[in-house]
There are 2 protein chains.
Amino acid sequence: MSLTIKLHSSLIEPDGGALVDLVVPESERDSKALEAESLPKVSLTKIDLEWVHVISEGWASPLRGFMREDQYLQSLHFNSLKTKDGSVVNMSLPIVLAIDDDTKERIGSSPNVGLLGPNGDLIGLLRSIEIYKHNKEERIARTWGSTAPGLPYVEEAITPAGNWLIGGDLEVLERIKYNDGLDNYRLSPQQLRNEFDRRQADAVFAFQLRNPVHNGHALLMNDTRKRLLEMGYKNPILLLHPLGGFTKPDDVPLDVRMEQHSKVLEDGVLDPETTIVGIFPSPMHYAGPTEVQWHAKARINAGANFYIVGRDPAGMGHPTEKRDLYDPDHGKKVLSMAPGLEKLNILPFRVAAYDTVEKKMAFFDPSRSKDFLFISGTKMRTYAKTGENPPDGFMCPGGWKVLVNYYESLQTEEAAQQQAVLST
Amino acid sequence: MSLTIKLHSSLIEPDGGALVDLVVPESERDSKALEAESLPKVSLTKIDLEWVHVISEGWASPLRGFMREDQYLQSLHFNSLKTKDGSVVNMSLPIVLAIDDDTKERIGSSPNVGLLGPNGDLIGLLRSIEIYKHNKEERIARTWGSTAPGLPYVEEAITPAGNWLIGGDLEVLERIKYNDGLDNYRLSPQQLRNEFDRRQADAVFAFQLRNPVHNGHALLMNDTRKRLLEMGYKNPILLLHPLGGFTKPDDVPLDVRMEQHSKVLEDGVLDPETTIVGIFPSPMHYAGPTEVQWHAKARINAGANFYIVGRDPAGMGHPTEKRDLYDPDHGKKVLSMAPGLEKLNILPFRVAAYDTVEKKMAFFDPSRSKDFLFISGTKMRTYAKTGENPPDGFMCPGGWKVLVNYYESLQTEEAAQQQAVLST
């Protein structure tokens, strides 16, 4: 026994600016597949596969796989990982893979496992695995700052999951695809970096979203570009970066959002010349100040150096109490202080609201607050569901039509289901 | 509005190795008292006063008062604070002062407040205050990794507390005293540093405890000293450092523990020549891996450079489930990775148990595990309560007698109370 202990062997290798890429070269694919076939298997849920996607493309670089316990504990307690060169990288969400008792038993003492997708297809391998306890209560409490029932990611991905976590080095046989007509938008961090280079961007500002783009968002993005130009940047590029993984059932689905975003660009609300639209493959945690760090960190990996942060990022209403789950200002405060994000320039959001005098979305002016109308996401959905039009200038007409059609189709579907129930 | 935000003004000044000392010089005491009298007042609970004690003597240095929101958020999310010189200091527990709505109202826009002790006496001032929301659920979840009912510190100090936190720079009029006959043991970090210098210690190893010292603890401490000598240190000094603030009702009270510790030194189980006994004034959180960082950090401030960490430090049973609240190994793992504790040498505890063959406490030998008897704190208390003797060699006889007397006095007290109830 050595007299003192310090973290040594478990320190993560820094990526040195070159992103982790865990897709095996084509030349090795067959032999790796053969090897994986022979190993004990772990079955991935849809959300697990989203994480495999995220890790394999380097969004979480320098992380090279699902977290082992030392990484998990650092993420949970410090929201960051130390690397071998002494630097600190931000890592606010535990990126972990849960298995149940039976799977653990089947793995036995095998040092490697094969990974099966939700359809049973072979996805990849996890090497030099480590299995450790999945204390769900502690994970939830430290990640969300709440253990209230009704947290969407918890109910979907943690409560039903196994009591063990398995960490290890990931290798995937092929890039993860969804074959939903949107794979072309799923640009990897490296592809985004290449595209920014190709366009000779001298500043990249990222906008994370999981909602349709209204003119208040657009105002903010266009205003940011103007300010960056005033600061002397010649060619600031916007990364419009909708989240593509798990979202809660009442959020607008990805395909509808992508169509809506296309209309916003077609209608000229955002300039296609200076905008890149890509899908961010991560699932959504709705973990507020903890998650916003992940959202920013992943975009740094994709080449962004400015990050726009609004009121209550990644937040939601408290699932059992009549209040926001998080203080709406904590997201930007925590982001501005987060270890490993020192180089990111954080652009605070000025609140935009509907100016009933000017009849457009504008930055809120507290001196004439009664002229402004705040249209929440819930309010917006109510308009679209009831077929009522929002005030002129809230959203471009093409984009609005996409939402109306979506909610109409939902109602038709519901009616058909009710009909089916009645006729059985 | 500046385009980007970063933490600037709120960064804490590093102490540069010189401890924060917030006791006002005697020459200024009268004028400060006069000023404090004129200010809105905040009444401190017993535990609040323990924190005033802790902060004022520099145990939490470079922290200069109760946390403002920026410090609170860093502590809650990152277990550490950034300082103006770019260094990181460990700060795992939020050191905060709660006030209720009425007190907030009374303070109004006053920039400073006076602090009153539990008996109404003037304790000091808090300057340049900031009042912010006390989200108890989030504080508890992120600090304990659980929101289960029955967490002792939560029930005592958070649930009944107000919905606001007040941060600011602390000034205390006089050193905090308790007049319980034990103040001489309440050595400040600076007094301890001076004492280590006086004894020409070239290594100081700290042992945090909130329980009586049995021969297993003593074995560990003596073994540590031996190893430090083998490493080439000439004069390693043990800081035997019982926690003196709030503990849960079924823990052995401080005065009994101090008497027990004295007997252990008298009986020669520990060597008084190479041991310093002091009281650590902090209240106990029972927050496991989060709290052990605080326990270590405070001892660094007092001059320790080696820290002994055992199984499940600062842990307890889960309040509502039949398991430990924390993984017993997480404490030392988290400690070994904690930001701001890089310079501390962590001494992992080898588990000691009662060797029934050798009839003494010894390091557990897994090759003959059936020879060993594990005597938990609960088991020890049961022995003492029932008057049964523990196995020979478990604890020195003088120390054991202190415990037996304590539990006898408890039973006498209980009997008297029952008698009183019956006769009314």
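The table for this structure:
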item: Filtered residues of the range B:334-366 (kept if away from chain A (no Cβ under 13 Å) and polar (S, T, N, Q)); result: B:THR356
item: Leading residue by the ranking (surrounded by the fewest Cβ atoms within 10 Å (Cβ to Cβ)) among those in the range B:220-249 that are in contact with a strand residue (DSSP E or B) (Cβ under 7 Å, 6 or more places away or on another chain) and part of a helix (DSSP H, G or I); result: B:LEU229
item: Scan of the range B:188-214 for residues that are among the small types (Gly, Ala, Ser) and either surrounded by fewer than 18 Cβ atoms within 10 Å (Cβ to Cβ) or in contact with an Asp or Glu (Cβ under 8 Å, 6 or more places away or on another chain) (or both), ordered by number; result: B:SER188
item: Where B:ALA206 falls short, out of the listed (1) touching a helix residue (DSSP H, G or I) at 6+ places or on another chain (Cβ under 7 Å); (2) part of a loop (DSSP other than H, G, I, E, B); result: (2)
item: Residue match in the range B:25-41 (condition: crowded, with 17+ Cβ neighbours inside 10 Å, in a loop (DSSP other than H, G, I, E, B) and under 19 Å from the mean Cα position of the chain (by Cα)); result: no
item: Scope the range A:173-197; condition of a type outside the set (Gly, Ala, Ser) and farther than 19 Å from A:ILE300 by Cβ; matching residues; result: A:LEU173, A:GLU174, A:ARG175, A:ILE176, A:LYS177, A:TYR178, A:ASN179, A:ASP180, A:LEU182, A:ASP183, A:ASN184, A:TYR185
item: Candidates A:GLY303, A:GLY310, A:GLY331 - the one that is surrounded by 19 or more Cβ atoms within 10 Å (Cβ to Cβ), more than 9 Å from chain B (Cβ to nearest Cβ), under 19 Å from the mean Cα position of the chain (by Cα) and under 25 Å from A:PHE78 (Cβ atoms); result: A:GLY331
item: Complete set of residues in the range A:283-304 that are touching a Pro at 6+ places or on another chain (Cβ under 6 Å) and farther than 22 Å from A:ASN235 by Cα; result: A:TYR286, A:VAL292
item: Counted residues, the range A:123-151 - those being surrounded by fewer than 17 Cβ atoms within 10 Å (Cβ to Cβ) and either more than 14 Å from chain B (Cβ to nearest Cβ) or at pLDDT below 95 (or both); result: 2
item: Filter result (under 21 Å from A:GLN260 (Cβ atoms) and not aliphatic (A, V, I, L, M)) within the range A:193-218; result: A:PHE205, A:PHE207, A:GLN208, A:ARG210, A:ASN211, A:PRO212, A:HIS214, A:ASN215, A:GLY216, A:HIS217
item: Candidate set from the range A:42-90 (those that are touching a helix residue (DSSP H, G or I) at 6+ places or on another chain (Cβ under 8 Å) and basic (Lys, Arg)); member that is nearest to the other protein chains (Cβ to nearest Cβ); result: A:LYS82
item: Residue check, B:HIS217 crowded, with 19+ Cβ neighbours inside 10 Å and either modelled with pLDDT of 95 or more or part of a loop (DSSP other than H, G, I, E, B) (or both); result: no
item: Any hit, the range B:232-249, residues being out of contact with any Pro (no Cβ under 9 Å at 6 or more places or on another chain) and at pLDDT below 95; result: no
item: Top-ranked residue of the range B:361-414 - restricted to ones that are more than 25 Å from the chain's Cα centre (by Cα) and hydroxyl-bearing (Ser, Thr, Tyr), ranked as nearest to B:ASP255 (Cα to Cα); result: B:SER409
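The values are calculated or read from the model by the stated rules, or taken from the named source; none is laboratory data. Worth saying up front: this structure is predicted, and the values here are computed from it rather than measured. Glycine gets a Cβ as well: all are built from the backbone with ideal geometry, and neighbour counts include every protein chain shown.
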